[in-house]
Amino acid sequence: ITDPMAAKMANLVGDLAYKYTTDELGTFIELLNWKEVQAYTNKMLNEMLSSAKEEGMEKVAEETRKMFATQQSIENVVARDLQLMHNVYGVEFVFQKAVRTATQLPNILGGAPFPAEIIYSLTEINESGAFAVLSVRQQIEEAAVKTAIQDMVDRMKASGNNDVLIPDLKLEDTSSYTIDLKTGWMRKVNFKRIVDVSGVKSIEIQEFSKLD
């Protein structure tokens, strides 16, 4: 990120340590120090506002505060990475056999989440290196996307906007997990999200590695 203010917003909670709980299977339950995250975020926003010269920064800060207003909203923002780290715990894998199940992905158009399919696979077991590689792929159901887009277009036309083009939307998430077979913890997680809107692709990539 080259814009200084955008960089600050992107790293708003970057210096915080998160304290959270999981169940016996390793599934994320809740963020324990959410009040600390909230206070730190408000402090950083106040500092940015005091030095900001960009027009509309107050509106951006106001909307950002809403994202950190409650425990649930804070978890929705900052716990995404934590949930990604714990996504495969509690799932039973069979070597080189895909396991399919129904799930939901966020509706980037707003509204109810999209129904989707999630596919779990155990792709590699390396006994000498004491690690295994898991892959997870999520893809939204195209029929549900078309229905959501059509509903949005109908609402816009009802409000008087008839110059509406119906986009073709595709969303796919893929993740790769390298698991330490001795400890059960992650050595590395790679995440990739591809959003394709009528042929225009946006790609988000994240990587997490365990520090020795």
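Bear in mind that the values in this text are calculations on the coordinates, not laboratory data. Here the structure is a predicted model, which means the values were calculated and not measured. Heads up, the Cβs are rebuilt from the backbone with ideal geometry, glycines too, and the neighbour counts pull from every protein chain shown.
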task: With a point put 7 Å past each Cα toward its Cβ, work out how far Glu63 is from Arg100 in nm, to one decimal.
output: 3.8 nm
query: How would you order 169-180, 94-105 from highest to lowest mean count of nearby Cβ atoms within 10 Å?
result: 169-180, 94-105
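Thinking of region 58-102 as a set of Cα atoms, what percent of all their pairs are more than 15 Å apart?
Numbers: 616 of 990 pairs.
Roughly 62 percent, rounded to a whole number.
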